[in-house]
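Worksheet: the structure to be examined is printed underneath.
Values in this text are rule-based calculations from the coordinates and carry no lab data. Predicted model, so just to flag it, every value in this text is computed and none were measured. With ideal geometry, Cβ positions are generated from the backbone for all residues, glycine too; neighbour counts draw on all protein chains shown.
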Amino acid sequence: MFRENNIPHEKINYFEEPLTESKIKSLLKKLGMSPREILRTKDEQYKALINEKTSDEKIVELIAKNPNLLQRPIIELGDRAIIARPAEKAIDFIKANS
């Protein structure tokens, strides 16, 4: 989608290059969301690892160790970010913030 719209980008596969806890916290700030809000709640890992008592700090730690917990794709542009679901949200976000 980015190539089709001639939008320069850098793609990061965070299964190959895991996000650090610091990076996750930075993304949360840019997203304006809590750790719990960026989780894939229907994922089996979520059900096995997280419950209503799990702290935000622990969730960040678990995301760093289990990237499948994280909703994706996340589009980051400067000091803002969005979870681009559906994917078309990414183009609108980039056009609005360029």
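Out of every Cα-Cα pair in the range 21-96, what percent are more than 19 Å apart?
For the range 21-96, the share of Cα pairs beyond 19 Å comes to 34 percent.
Just to confirm my numbers, what's the Cα centroid distance between the range 5-21 and the range 34-60 in Å?
22 Å
Give me the angle, in degrees from 0 to 90, between the Cα long axis of helix 56-65 and the longest principal axis of the Cα atoms of the chain, rounded to the nearest 10.
70 degrees
Could you tell me which of 55, 26, 78 has its Cα farthest along the dipole of the chain towards the positive end, charges placed at Cβ (Lys, Arg +1; Asp, Glu -1), taken about the Cα centre?
The Cα lying farthest towards the positive end belongs to 55.
Mind putting a number on the dipole of the chain about its Cα centre? Charges go on the C-beta only, +1 for Lys and Arg and -1 for Asp and Glu, and I need it in Debye to the nearest 20.
160 debye
Can you give the helix-only mean residue ellipticity at 222 nm for the chain, where every DSSP H stretch with n ≥ 4 adds -39500 (n - 2.57) and the sum goes over all residues, rounded to the nearest 500 deg cm²/dmol? Provide the component values of the computation, followed by the final result.
On the way: 4 runs with 36 residues, N = 98.
Calculated mean residue ellipticity at 222 nm is -10500 deg cm²/dmol.
For the chain, what relative contact order do you get, as a whole percent, if you take Cα pairs closer than 8 Å and at least 6 residues apart? Don't skip to the answer; put the middle values down first.
Details: 85 pairs, mean separation 27.4, N = 98.
Reported as a whole number, the value is 28 percent.
Would you look at the GNM of the chain, springs on alpha carbons closer than 10 Å, and say which of 86, 18, 73 moves the most?
86
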